[in-house]
Amino acid sequence: MLHRDTVDTTVLPPGERFGMWLDLVARTSAPLRIQSAHSADFAARADFLHLGPIQLVEYRYPSLDATRTRKLIQRSDPELYVLALTTGGVGTSSQDGRHSEIQTGEFTFYDASRPHDVCHHATEPERDQATSIITLIPHAALPLPPQRLAALYGGRMPGSEGVGALLAQFLLRINGHPEQYHAADANRLGAVGLDLATTMLGRHLVAEDAVPTEVRRRALVTQVQAYVHRHLGNPALTPQVVADAHHISLRTLHRLFEGEESTVASYIRDLRLARCRRDLTDPVLRTQPVQAIAARWGFSDKAHFSRVFRAAHGLSPQAYRESHSDPARIVNQPAPMRNAPRAN
(Lines give C-alpha, C1' and ligand atoms only; values in the text may rest on other atoms or scores of the structure.)
Protein backbone atom coordinates (compact mmCIF):
# COMPACT_ATOMS: atom_id res chain seq x y z
CA MET A 1 0.00 0.00 0.00
CA LEU A 2 1.01 3.65 -0.27
CA HIS A 3 3.10 4.76 2.68
CA ARG A 4 1.39 7.42 4.77
CA ASP A 5 2.90 9.44 7.63
CA THR A 6 0.45 10.60 10.29
CA VAL A 7 0.61 13.19 13.05
CA ASP A 8 -2.26 13.00 15.56
CA THR A 9 -2.33 15.45 18.45
CA THR A 10 -4.90 13.43 20.40
CA VAL A 11 -2.12 11.12 21.63
CA LEU A 12 -1.25 13.95 24.05
CA PRO A 13 -3.24 15.59 26.87
CA PRO A 14 -5.41 18.53 25.68
CA GLY A 15 -3.05 21.17 27.08
CA GLU A 16 -0.11 19.90 25.01
CA ARG A 17 -1.83 19.38 21.67
CA PHE A 18 -1.52 22.87 20.19
CA GLY A 19 2.19 22.95 21.05
CA MET A 20 2.64 19.67 19.18
CA TRP A 21 0.90 21.18 16.13
CA LEU A 22 3.07 24.31 16.23
CA ASP A 23 6.17 22.10 16.30
CA LEU A 24 4.86 20.20 13.28
CA VAL A 25 4.20 23.40 11.32
CA ALA A 26 7.60 24.81 12.28
CA ARG A 27 9.30 21.71 10.84
CA THR A 28 7.50 21.86 7.49
CA SER A 29 9.27 23.18 4.42
CA ALA A 30 6.99 26.26 4.34
CA PRO A 31 6.34 27.19 8.01
CA LEU A 32 3.42 29.43 8.98
CA ARG A 33 2.47 31.60 11.92
CA ILE A 34 -0.54 29.82 13.45
CA GLN A 35 -3.36 30.92 15.73
CA SER A 36 -6.51 29.08 16.81
CA ALA A 37 -9.50 29.77 19.02
CA HIS A 38 -9.21 26.13 20.08
CA SER A 39 -5.59 26.20 21.24
CA ALA A 40 -6.62 24.96 24.70
CA ASP A 41 -7.64 21.61 23.19
CA PHE A 42 -6.42 21.37 19.62
CA ALA A 43 -7.56 17.92 18.47
CA ALA A 44 -5.98 17.70 15.02
CA ARG A 45 -4.52 15.26 12.53
CA ALA A 46 -2.32 15.47 9.43
CA ASP A 47 -1.78 12.63 6.94
CA PHE A 48 1.10 12.91 4.45
CA LEU A 49 1.35 11.01 1.16
CA HIS A 50 4.40 11.37 -1.09
CA LEU A 51 3.45 10.78 -4.73
CA GLY A 52 6.54 11.31 -6.84
CA PRO A 53 6.39 14.89 -8.17
CA ILE A 54 3.76 16.05 -5.66
CA GLN A 55 2.88 15.64 -1.99
CA LEU A 56 -0.64 15.37 -0.56
CA VAL A 57 -1.52 16.41 2.99
CA GLU A 58 -4.93 15.84 4.51
CA TYR A 59 -5.64 18.14 7.47
CA ARG A 60 -8.28 17.92 10.22
CA TYR A 61 -8.65 20.49 13.02
CA PRO A 62 -11.37 22.61 14.70
CA SER A 63 -10.14 26.01 13.46
CA LEU A 64 -6.94 27.57 12.23
CA ASP A 65 -5.69 31.02 11.14
CA ALA A 66 -2.35 30.98 9.33
CA THR A 67 -0.02 33.62 7.95
CA ARG A 68 3.14 33.20 5.90
CA THR A 69 5.24 36.30 6.35
CA ARG A 70 8.23 37.62 4.42
CA LYS A 71 10.43 36.80 7.41
CA LEU A 72 9.32 33.16 7.36
CA ILE A 73 9.89 33.01 3.58
CA GLN A 74 13.43 34.34 3.99
CA ARG A 75 14.06 31.65 6.57
CA SER A 76 12.74 28.82 4.39
CA ASP A 77 11.60 28.94 0.77
CA PRO A 78 11.04 25.50 -0.80
CA GLU A 79 9.53 27.11 -3.95
CA LEU A 80 6.17 25.37 -3.76
CA TYR A 81 2.71 26.06 -5.10
CA VAL A 82 -0.19 25.09 -2.84
CA LEU A 83 -3.48 23.84 -4.30
CA ALA A 84 -5.97 23.36 -1.45
CA LEU A 85 -9.31 21.54 -1.66
CA THR A 86 -11.68 22.36 1.21
CA THR A 87 -13.56 19.18 2.10
CA GLY A 88 -15.26 20.42 5.26
CA GLY A 89 -15.88 23.81 6.84
CA VAL A 90 -15.40 27.29 5.41
CA GLY A 91 -12.40 29.55 5.01
CA THR A 92 -10.69 32.46 3.35
CA SER A 93 -7.59 32.80 1.22
CA SER A 94 -5.63 36.01 0.58
CA GLN A 95 -2.57 36.70 -1.57
CA ASP A 96 -1.33 39.63 -3.66
CA GLY A 97 -4.39 41.73 -2.90
CA ARG A 98 -6.95 39.05 -3.80
CA HIS A 99 -9.26 37.80 -1.06
CA SER A 100 -11.69 34.90 -1.49
CA GLU A 101 -14.30 33.14 0.63
CA ILE A 102 -13.76 29.39 0.21
CA GLN A 103 -16.64 26.95 0.65
CA THR A 104 -16.64 23.17 1.00
CA GLY A 105 -15.90 21.58 -2.37
CA GLU A 106 -13.83 24.49 -3.69
CA PHE A 107 -10.14 24.86 -4.49
CA THR A 108 -7.87 27.76 -3.71
CA PHE A 109 -4.36 28.28 -5.08
CA TYR A 110 -1.38 30.26 -3.83
CA ASP A 111 2.41 30.48 -3.97
CA ALA A 112 4.21 29.54 -0.73
CA SER A 113 7.12 31.73 -1.83
CA ARG A 114 4.96 34.84 -1.39
CA PRO A 115 3.19 36.19 1.71
CA HIS A 116 -0.35 34.95 2.17
CA ASP A 117 -3.09 34.42 4.75
CA VAL A 118 -5.32 31.38 5.11
CA CYS A 119 -8.19 30.85 7.55
CA HIS A 120 -10.15 27.61 7.88
CA HIS A 121 -12.89 26.98 10.44
CA ALA A 122 -15.28 24.13 11.08
CA THR A 123 -18.91 25.04 10.45
CA GLU A 124 -19.82 23.68 13.89
CA PRO A 125 -16.54 23.35 15.86
CA GLU A 126 -18.19 21.55 18.76
CA ARG A 127 -19.50 18.82 16.46
CA ASP A 128 -17.16 18.52 13.48
CA GLN A 129 -13.78 19.58 12.12
CA ALA A 130 -12.45 21.70 9.31
CA THR A 131 -10.93 19.36 6.72
CA SER A 132 -8.90 19.85 3.56
CA ILE A 133 -6.57 18.12 1.14
CA ILE A 134 -3.48 20.12 0.23
CA THR A 135 -1.46 19.41 -2.90
CA LEU A 136 2.12 20.69 -2.73
CA ILE A 137 3.60 21.23 -6.20
CA PRO A 138 7.22 22.29 -6.79
CA HIS A 139 7.51 25.40 -8.97
CA ALA A 140 9.66 23.50 -11.44
CA ALA A 141 7.10 20.67 -11.78
CA LEU A 142 4.17 22.83 -12.89
CA PRO A 143 4.47 23.40 -16.67
CA LEU A 144 2.62 26.74 -16.76
CA PRO A 145 4.05 30.27 -17.18
CA PRO A 146 4.77 31.58 -13.64
CA GLN A 147 3.89 35.14 -14.64
CA ARG A 148 0.42 34.00 -15.69
CA LEU A 149 -0.26 32.01 -12.51
CA ALA A 150 -0.27 35.17 -10.39
CA ALA A 151 -3.81 35.83 -11.67
CA LEU A 152 -4.99 32.77 -9.71
CA TYR A 153 -3.33 33.47 -6.35
CA GLY A 154 -5.84 33.67 -3.53
CA GLY A 155 -8.72 32.84 -5.87
CA ARG A 156 -11.38 30.14 -5.76
CA MET A 157 -12.09 27.35 -8.25
CA PRO A 158 -15.00 24.87 -8.16
CA GLY A 159 -14.32 21.22 -7.44
CA SER A 160 -17.77 20.11 -8.60
CA GLU A 161 -17.55 20.38 -12.37
CA GLY A 162 -15.24 19.59 -15.27
CA VAL A 163 -11.62 18.80 -14.57
CA GLY A 164 -11.98 20.31 -11.09
CA ALA A 165 -14.49 17.60 -10.17
CA LEU A 166 -12.22 14.92 -11.59
CA LEU A 167 -9.25 16.24 -9.62
CA ALA A 168 -11.33 16.44 -6.42
CA GLN A 169 -12.51 12.84 -6.87
CA PHE A 170 -8.93 11.73 -7.51
CA LEU A 171 -7.65 13.41 -4.32
CA LEU A 172 -10.49 12.08 -2.19
CA ARG A 173 -10.00 8.56 -3.51
CA ILE A 174 -6.23 8.46 -3.02
CA ASN A 175 -6.38 9.97 0.47
CA GLY A 176 -9.37 7.91 1.52
CA HIS A 177 -8.07 4.53 0.37
CA PRO A 178 -4.25 4.46 0.18
CA GLU A 179 -4.36 0.75 1.01
CA GLN A 180 -5.84 0.04 -2.44
CA TYR A 181 -2.65 1.14 -4.23
CA HIS A 182 0.85 -0.28 -4.30
CA ALA A 183 3.90 1.72 -3.27
CA ALA A 184 5.15 1.24 -6.83
CA ASP A 185 2.08 3.22 -8.05
CA ALA A 186 3.14 6.41 -6.22
CA ASN A 187 5.04 8.08 -9.06
CA ARG A 188 2.37 7.31 -11.65
CA LEU A 189 -0.42 8.51 -9.36
CA GLY A 190 1.53 11.69 -8.70
CA ALA A 191 1.92 12.26 -12.44
CA VAL A 192 -1.84 11.83 -12.97
CA GLY A 193 -2.59 14.28 -10.15
CA LEU A 194 -0.11 16.80 -11.55
CA ASP A 195 -1.63 16.50 -15.05
CA LEU A 196 -5.13 17.11 -13.70
CA ALA A 197 -4.00 20.05 -11.57
CA THR A 198 -2.12 21.58 -14.51
CA THR A 199 -5.13 21.22 -16.81
CA MET A 200 -7.54 22.72 -14.27
CA LEU A 201 -5.27 25.70 -13.58
CA GLY A 202 -4.67 26.18 -17.31
CA ARG A 203 -8.39 26.32 -17.99
CA HIS A 204 -8.94 28.91 -15.30
CA LEU A 205 -6.18 30.98 -16.86
CA VAL A 206 -7.99 30.66 -20.19
CA ALA A 207 -4.59 29.58 -21.41
CA GLU A 208 -4.90 25.96 -22.43
CA ASP A 209 -2.33 26.59 -25.15
CA ALA A 210 0.17 27.09 -22.33
CA VAL A 211 -0.47 23.53 -21.11
CA PRO A 212 1.88 21.07 -22.84
CA THR A 213 0.13 18.86 -25.42
CA GLU A 214 1.04 15.59 -23.70
CA VAL A 215 -0.25 16.89 -20.36
CA ARG A 216 -3.58 17.81 -21.99
CA ARG A 217 -3.75 14.41 -23.67
CA ARG A 218 -3.12 12.46 -20.46
CA ALA A 219 -5.61 14.58 -18.52
CA LEU A 220 -8.28 14.04 -21.18
CA VAL A 221 -7.62 10.28 -21.20
CA THR A 222 -8.11 10.24 -17.44
CA GLN A 223 -11.33 12.23 -17.86
CA VAL A 224 -12.61 9.82 -20.52
CA GLN A 225 -11.75 6.77 -18.41
CA ALA A 226 -13.57 8.24 -15.41
CA TYR A 227 -16.62 8.84 -17.62
CA VAL A 228 -16.56 5.21 -18.78
CA HIS A 229 -16.39 3.99 -15.18
CA ARG A 230 -19.43 6.09 -14.25
CA HIS A 231 -21.54 4.93 -17.21
CA LEU A 232 -20.38 1.34 -17.56
CA GLY A 233 -23.86 -0.08 -16.87
CA ASN A 234 -25.39 1.78 -19.80
CA PRO A 235 -25.68 -0.70 -22.71
CA ALA A 236 -25.70 2.26 -25.11
CA LEU A 237 -22.19 3.30 -24.05
CA THR A 238 -20.09 3.31 -27.23
CA PRO A 239 -17.00 5.19 -28.41
CA GLN A 240 -19.29 7.62 -30.26
CA VAL A 241 -21.26 8.34 -27.07
CA VAL A 242 -18.00 8.90 -25.19
CA ALA A 243 -16.71 11.24 -27.91
CA ASP A 244 -19.96 13.25 -27.94
CA ALA A 245 -19.92 13.58 -24.14
CA HIS A 246 -16.46 15.18 -24.34
CA HIS A 247 -17.22 17.36 -27.39
CA ILE A 248 -14.60 15.75 -29.59
CA SER A 249 -14.82 13.77 -32.81
CA LEU A 250 -14.69 9.99 -32.86
CA ARG A 251 -11.45 10.21 -34.82
CA THR A 252 -9.92 12.45 -32.14
CA LEU A 253 -11.00 9.99 -29.44
CA HIS A 254 -9.32 7.09 -31.26
CA ARG A 255 -6.13 9.15 -31.69
CA LEU A 256 -6.26 9.99 -28.01
CA PHE A 257 -6.05 6.28 -27.12
CA GLU A 258 -3.23 5.47 -29.55
CA GLY A 259 -0.77 5.93 -26.69
CA GLU A 260 -2.73 3.63 -24.37
CA GLU A 261 -2.67 -0.15 -24.08
CA SER A 262 -6.12 -0.60 -25.66
CA THR A 263 -8.64 1.04 -27.95
CA VAL A 264 -11.69 2.82 -26.53
CA ALA A 265 -14.00 -0.07 -27.45
CA SER A 266 -11.74 -2.70 -25.91
CA TYR A 267 -11.29 -0.55 -22.80
CA ILE A 268 -15.08 -0.48 -22.31
CA ARG A 269 -15.41 -4.22 -23.04
CA ASP A 270 -12.52 -5.27 -20.79
CA LEU A 271 -13.77 -3.13 -17.94
CA ARG A 272 -17.26 -4.64 -18.26
CA LEU A 273 -15.82 -8.16 -18.30
CA ALA A 274 -13.73 -7.38 -15.21
CA ARG A 275 -16.83 -6.24 -13.33
CA CYS A 276 -18.71 -9.38 -14.43
CA ARG A 277 -15.84 -11.65 -13.35
CA ARG A 278 -15.80 -10.00 -9.95
CA ASP A 279 -19.55 -10.45 -9.45
CA LEU A 280 -19.61 -14.02 -10.76
CA THR A 281 -17.10 -15.08 -8.11
CA ASP A 282 -18.72 -13.10 -5.29
CA PRO A 283 -20.36 -15.54 -2.82
CA VAL A 284 -22.89 -12.87 -1.85
CA LEU A 285 -24.16 -12.84 -5.46
CA ARG A 286 -24.18 -16.63 -5.82
CA THR A 287 -27.95 -16.77 -6.40
CA GLN A 288 -27.93 -13.82 -8.79
CA PRO A 289 -28.66 -15.01 -12.37
CA VAL A 290 -25.75 -14.69 -14.75
CA GLN A 291 -27.76 -12.54 -17.13
CA ALA A 292 -28.68 -10.13 -14.32
CA ILE A 293 -24.98 -9.63 -13.59
CA ALA A 294 -24.23 -9.15 -17.28
CA ALA A 295 -27.04 -6.61 -17.67
CA ARG A 296 -25.80 -4.66 -14.64
CA TRP A 297 -22.56 -4.00 -16.50
CA GLY A 298 -23.97 -3.16 -19.90
CA PHE A 299 -24.28 -6.57 -21.61
CA SER A 300 -27.96 -6.54 -22.55
CA ASP A 301 -27.79 -9.46 -25.03
CA LYS A 302 -27.30 -12.85 -23.34
CA ALA A 303 -25.86 -14.62 -26.40
CA HIS A 304 -23.45 -11.76 -27.12
CA PHE A 305 -22.25 -11.74 -23.50
CA SER A 306 -21.63 -15.49 -23.57
CA ARG A 307 -19.60 -15.23 -26.80
CA VAL A 308 -17.51 -12.32 -25.57
CA PHE A 309 -16.91 -13.92 -22.18
CA ARG A 310 -15.94 -17.30 -23.68
CA ALA A 311 -13.59 -15.63 -26.15
CA ALA A 312 -11.83 -13.82 -23.31
CA HIS A 313 -11.69 -16.65 -20.75
CA GLY A 314 -12.22 -19.93 -22.59
CA LEU A 315 -15.27 -20.75 -20.45
CA SER A 316 -18.92 -19.85 -20.43
CA PRO A 317 -19.93 -17.40 -17.66
CA GLN A 318 -21.70 -20.20 -15.76
CA ALA A 319 -18.72 -22.54 -16.03
CA TYR A 320 -16.41 -19.72 -14.91
CA ARG A 321 -18.61 -19.10 -11.87
CA GLU A 322 -18.61 -22.80 -10.95
CA SER A 323 -14.86 -23.17 -11.42
CA HIS A 324 -14.21 -20.26 -9.03
CA SER A 325 -16.74 -21.12 -6.35
CA ASP A 326 -15.75 -22.90 -3.13
CA PRO A 327 -18.32 -25.54 -2.29
CA ALA A 328 -19.70 -25.02 1.17
CA ARG A 329 -18.39 -27.57 3.63
CA ILE A 330 -20.96 -29.69 5.42
CA VAL A 331 -20.11 -29.20 9.06
CA ASN A 332 -22.78 -31.27 10.76
CA GLN A 333 -22.90 -34.28 8.48
CA PRO A 334 -25.18 -37.04 9.88
CA ALA A 335 -23.19 -39.81 11.59
CA PRO A 336 -23.40 -43.28 9.95
CA MET A 337 -25.67 -45.84 11.60
CA ARG A 338 -23.31 -48.38 13.20
CA ASN A 339 -25.96 -50.57 14.82
CA ALA A 340 -28.55 -50.70 12.09
CA PRO A 341 -31.39 -53.07 12.81
CA ARG A 342 -31.13 -56.45 11.16
CA ALA A 343 -33.45 -57.21 8.34
CA ASN A 344 -36.06 -59.81 9.13
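The values are calculated or read from the model by the stated rules, or taken from the named source; none is laboratory data. All values derive from a computational prediction rather than experimental measurement. When we count neighbours, we look across all protein chains shown, and the Cβ atoms used for this are built from the backbone with ideal geometry, even at glycine. Protein only, heavy atoms only, side chains kept; ligands, DNA and RNA dropped before computing areas. Shrake-Rupley method; radii C 1.70, N 1.55, O 1.52, S 1.80 Å.
Points to keep in mind about this one:
- Lys/Arg +1, Asp/Glu -1 at C-beta; the chain dipole; positive extreme among Leu201, Gly176, Ile268: Ile268
- Remark: the Asp270-Glu258 segment gains 2.7 nm on full extension, using 0.36 nm per residue and subtracting the alpha carbon distance.
- Spin-label model, Gln240 to Ala312: label points 7 Å out along the Cα-to-beta-carbon direction sit 2.3 nm apart.
- For the pair Ser323 and Ala40, the difference between a 0.36 nm per residue extended length and the Cα-Cα distance amounts to 95.8 nm.
- Cα pair distances exceeding 12 angstrom across the range 50-89, given as percent: 74
- Residue-normalised accessible area of the chain, given per residue in Å² at a 1.4 Å probe: 54
- Between 0 and 90°, nearest 10: helix 186-204 axis offset from the chain longest Cα axis: 60
- Positive contributions from Lys and Arg (+1) and negative ones from Asp and Glu (-1), summed over other residues with Cβ under 14 Å from the Cβ of Leu80, come out at -1.
- Taking 18 Å as the cut-off, the amide N atoms of the range 226-249 that come nearer than this to a point 7 Å along the Cα-to-beta-carbon line of Arg278 belong to 226-235.
- Look at the dipole of the range 10-90 built from charges on Cβ: of Phe18, Thr69, Tyr81, the Cα furthest out on the positive end belongs to Thr69.
- Column: log10 I(q)/I(0), Debye, Cα scatterers of the range 96-196, q = 0.19, 0.21, 0.25 Å⁻¹: -1.16, -1.33, -1.50
- Full extension of the chain between Thr213 and Gln103 yields a length gain of 36.4 nm, computed as 0.36 nm times the residue separation minus the alpha carbon distance.
- Rg/Rh ratio calculated on Cα atoms of the range 1-58 (Kirkwood radius): 1.01
- Share of pairwise Cα-Cα distances greater than 27 Å in the range 28-174 is 15 percent (whole percent).
- Computed over the range 39-118, the percent of Cα pairs more than 17 Å apart is 54.
- Mean-position separation - Cα centroids, the range 283-310 and the range 91-160, in angstrom: 46
- Loop exposure criterion: trypsin sites (Lys or Arg not before Pro), DSSP state outside H, G, I, E and B, at most 11 other Cβ atoms within 10 Å. Applied to the chain, the longest stretch between such sites is 128-285.
- Extending 7 Å from the Cα toward the beta-carbon at both Gln291 and Thr67 defines two label points whose distance is 7.1 nm.
- Short-range pairs are left out: with C-alpha atoms under 8 Å and at least six residues apart, the relative contact order of the chain is 13 percent.
- With respect to the chain, whose longest principal axis is taken over its alpha-carbon atoms, helix 14-27 is tilted by about 80°.
- Largest-first principal axis extents, alpha carbons of the chain, Å: 104, 63, 33
- Listed residues Phe48, Phe18, Phe305, most fluctuating in the chain (Gaussian network, C-alpha, under 10 Å): Phe305
- Ranking Ala292, Thr104, Leu232 by Cα position along the charge dipole of the chain, where only Lys, Arg, Asp and Glu carry charges on their C-beta atoms, puts Ala292 farthest toward the positive end.
- Compared with the dominant Cα axis of the chain, that is its longest principal axis, helix 213-230 is turned about 50°.
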